[in-house]
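Engineer: Below you will find the structure I want to go over with you.
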Amino acid sequence: MRNSAVTALKTGWKLVVRDLGGVEAVAAATRTTRSLASDYGNVHSERFVPVDVVLEAELIGGSPHVTAAPVRIGRDISDLFTRAANALGGGEINDADRAGMVRDLDDLRRTAAEALMLLAPNSPSLSRKAE
């Protein structure tokens, strides 16, 4: 779940950058730099694009690639709970289903914890101005 969430957000940002004409155009249109605009789309980077930069860039670019990512993540979560309900509906869960659901729930827990950290008022991601 965490990898798919990160990939969805990073890929969404890459699409926004493409729509605007590249990192130079993003840097000119928002409060970020070319280097950071590139870094935000790198799946190996721990940096995530600030929400205000996303909103501004998506408004200019015309497509909500990043803001639509949580909807896709939500579908993944829905699929997990549907699978769990189907497994529980039979009254028994086999070891493979149980292990898969525990793994998916652990990924969901990590993703939720990361989202809370990003949204917390004291989060460096929100309080730090893009450098």
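Engineer: If one computes P(r) from the Cα atoms of region 1-67, what percent of pairs lie at distances over 15 Å? Spell out each step's value before the answer.
Structural biologist: On the way: 896 of 2211 pairs.
Distances greater than 15 Å cover 41 percent of the Cα pairs.
Engineer: How do 93-106, 61-74 rank on mean C-beta neighbours within 10 Å, highest first? The partial results should precede the final answer.
Structural biologist: Numbers: 93-106: 12.8, 61-74: 15.9.
Peptide ranking by packing, descending: 61-74, 93-106.
Engineer: Figure the gain on full extension for Ala99 and Arg47 (residue separation times 0.36 nm, minus the Cα-Cα span) and round it to one decimal in nm.
Structural biologist: Working: separation 52, 0.36 × 52 = 18.72 nm, distance 3.12 nm.
The Ala99-Arg47 span can extend by a further 15.6 nm.
FYI, it's all coordinate maths here, none of it is from the lab. Only a predicted model underlies this, so the values are computations on that prediction, with no experimental measurement involved. When we count neighbours, we look across all protein chains shown, and the Cβ atoms used for this are built from the backbone with ideal geometry, even at glycine.
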